[in-house]
Amino acid sequence: MDYTKCLIIGSGPAGYTAAIYTARAGMNPILYEGMQQGGQLTITTEVENFPGYPKGINGPAMMEEIREQVFRFKADVRSGEITEVDFSRRPFICKSDAGTVIQAETVIIATGASARFLGLDSEKEYYGYGVSACATCDGFFYKGKDVAVVGGGDTAAEEALYLSRLCRKVYLVHRRDCLRACQELQKRIFNTSNIEPLWNYVPEEITGESQKFDKTVTGLRLKHVLSQEEKKVDVDGVFIAIGHHPNTTIFQGQLLLDDQQYIVTKPGSSHTNVEGVFAAGDVQDRNYKQAITAAAGGCMAAIDAERFLGSI
Ligand code: NDP
């Protein structure tokens, strides 16, 4: 059994920042990186709003630099996932997917959030065969082709702009008549000639062809939310960008979660309802969800954990 003063679960900006602070505070943290090392920023393109990068930086490169900083302070960074936690008494007992048991005096949860899907059967059927939630990962396969992006937030706007540089045509399908994305992204969307917004439409079905060993997407059947009129667009790929849900499954029954399954923290702090367990980043943030606010949350959680250890 391993023992640590601080176990950090998750490796986005929140988890890595918590590791930098706790390692520098002499807490010898163990950090489990989870299935997506570096978190959601590793599947984004350009990050232009993180201070310190005047020319912008791509998401994976930024996370690699933050990770390097974690190693500089000799945190024990492990690949793999924490799959079970017992927060009923301290030290807390946590288990990894490799069967390692860790006793932890404090735990910082920074497991982030994952892409949300529409819930259509056809979306499941063609996932990985023309349906994707990551333009940076899969955009390459649609060079010169026509695609659709579903959603109206910053993610959808960024995905559409990224794909517009590779694809012949990008339909931006949104359920309302205006975007939620920030003004700067909206400006770029409206100035990009091969992006066509389809307002007030929701996807009804992703159509395609299934052969024995292969499947391909051929189109998207849409319904107008006001007139109920149907429309079909011919596309080779559909990118879903309709937001995220917090990764809190393993904490159900252990911690207080809100109605959308986000971890509830005490206002202005990272304290959860269990003393010694802290949460930072998108796993507890319904509002801001930025790399910079996640990093700030990681810092707060590290300081809260250090103070907690000093107080017992
Ligand atoms: P958002 O929650 O901001 O947007 C989700 C979009 O999907 C909304 O337009 C929403 O519609 C639409 N939507 C939700 N559910 C459905 C559904 N079932 N069917 C059809 N459409 C649906 O999520 P994002 O992932 O875009 O962004 C999350 C956070 O990350 C935000 O805070 C954003 O600012 C941040 N972010 C920042 C970036 C940056 O700074 N460069 C880049 C990417 C994300 P409606 O508008 O009607 O609610």
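The table below gives the values:
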{"item": "Looking only at the stretch 126-167, and only at residues there that are closer than 27 Å to N287 by Cβ and among the acidic types (D, E), the one that is farthest from the ligand (Cβ to nearest atom)", "result": "E159"}
{"item": "Candidates G268, G297, filtered to the one that is in a helix (DSSP H, G or I) and either within 16 Å of the ligand (Cβ to nearest atom) or loosely packed, with under 14 Cβ neighbours inside 10 Å (or both)", "result": "G297"}
{"item": "Residues of the stretch 168-190 that turn out to be assigned to a loop (DSSP other than H, G, I, E, B), away from the ligand (no atom under 11 Å from the Cβ) and closer than 20 Å to I43 by Cβ, as a count", "result": "0"}
{"item": "Exclusive hit being over 22 Å from the mean Cα position of the chain (by Cα), closer than 23 Å to G38 by Cβ and not assigned by TED's automatic domain parsing to the domain that holds A133, set A305, A295", "result": "A305"}
{"item": "The one condition in (1) within 14 Å of the ligand (Cβ to nearest atom); (2) surrounded by fewer than 20 Cβ atoms within 10 Å (Cβ to Cβ); (3) not acidic (D, E); (4) not in a helix (DSSP H, G or I) that K212 fails to fulfil", "result": "(1)"}
{"item": "Residue within the stretch 279-287 that is part of a helix (DSSP H, G or I), of a type in the set (G, A, S) and within 16 Å of the ligand (Cβ to nearest atom) present", "result": "yes"}
{"item": "Residues of the stretch 122-140 classified as of a type in the set (D, E, K, R), more than 16 Å from T218 (Cβ to Cβ) and in contact with a strand residue (DSSP E or B) (Cβ under 8 Å, 6 or more places away or on another chain), total", "result": "1"}
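Residue-by-condition table, conditions (1) closer than 19 Å to M27 by Cβ; (2) among the hydrophobic types (A, V, I, L, M, F, W, C); (3) touching a helix residue (DSSP H, G or I) at 6+ places or on another chain (Cβ under 8 Å):
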position	(1), (2), (3)
F251	no, yes, no
S270	yes, no, yes
Q284	no, no, yes
G297	yes, no, yes
R307	yes, no, no
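The values are calculated or read from the model by the stated rules, or taken from the named source; none is laboratory data. No experiment lies behind these values; they were computed from the predicted model shown. With ideal geometry, Cβ positions are generated from the backbone for all residues, glycine too; neighbour counts draw on all protein chains shown.
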